Amino acid sequence: MSRVRVARIIGRLNIGGPAIQAITLTKLLEERGYDTLLIRGNEASHEGSLDDLAAQYGVQPKLIAGLRRELHPADLLALPELVRTLRAFRPHIVHTHLATSPSTTNIVRRDKLGRRRDVTGVRYLWTTRRRAHARRSGR
């Protein structure tokens, strides 16, 4: 049986909890026998980066320019590369972080007429958003 492939998409690897979680979860899943791919966008010029942490954990994120923190027309420029990357990796599960990544992935999963389709072969989509965490934790 083939190993389960998990792709994780995050808008950026800036200094903060979501990036730390994405990097460490990628490493921990690899240790448990999953094939993983961390896809990330660029940080803003004023933000720090956790590229050093990723390197320390042996995680090599795939950079897709155009993925950003906020929804932006540049997301559409990132779309063709995101589709190519997901089709090449053929993930069973896509786990997205923050606002832009779920939106971009949902676009990927729709056909030209806007109908929900399995355009990239993704079987399961899991989104993680800051507000969802705040509601669950009671904050």
Q) Taking the stretch 59-81, which residues are within 28 Å of residue 27 (Cβ to Cβ), modelled with pLDDT under 85 and not in a loop (DSSP other than H, G, I, E, B)? A) 75, 78, 79
Q: Would you mind stating whether residue 15 is free of Cβ contacts under 8 Å to residues at least 60 places away in the same chain, among the hydrophobic types (A, V, I, L, M, F, W, C) and within 20 Å of residue 82 (Cα to Cα)?
A: no
Q | Residue within the stretch 43-51 that is crowded, with 19+ Cβ neighbours inside 10 Å, modelled with pLDDT under 90 and of a type outside the set (Gly, Ala, Ser) present | A | yes
**Q.** residue 26 being hydroxyl-bearing (Ser, Thr, Tyr), at pLDDT 90 or above and part of a helix (DSSP H, G or I)
**A.** yes
Q. Just a yes or no: is a residue in the stretch 98-114 small (Gly, Ala, Ser), more than 14 Å from the chain's Cα centre (by Cα) and at pLDDT 60 or above?
A. no
Q | Qualifying position, being without any contact (Cβ under 8 Å) to a residue 12 or more places away in the chain and not in a loop (DSSP other than H, G, I, E, B), among 84, 8 | A | 84
Q: Write out, first by first residue and then by second, each pair whose Cβ atoms fall under 8 Å of each other, whose residues are 6+ apart or on separate chains, and whose first residue, in the stretch 36-56, is within 24 Å of residue 86 (Cα to Cα) while the second is aromatic (Phe, Trp, Tyr).
A: 37/89
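The values are calculated or read from the model by the stated rules, or taken from the named source; none is laboratory data. From a predicted model like this one, the values you see are computed outputs, not experimental measurements. Note that we place each Cβ from the backbone using ideal geometry, even for glycine, and neighbour counts take in every protein chain shown.
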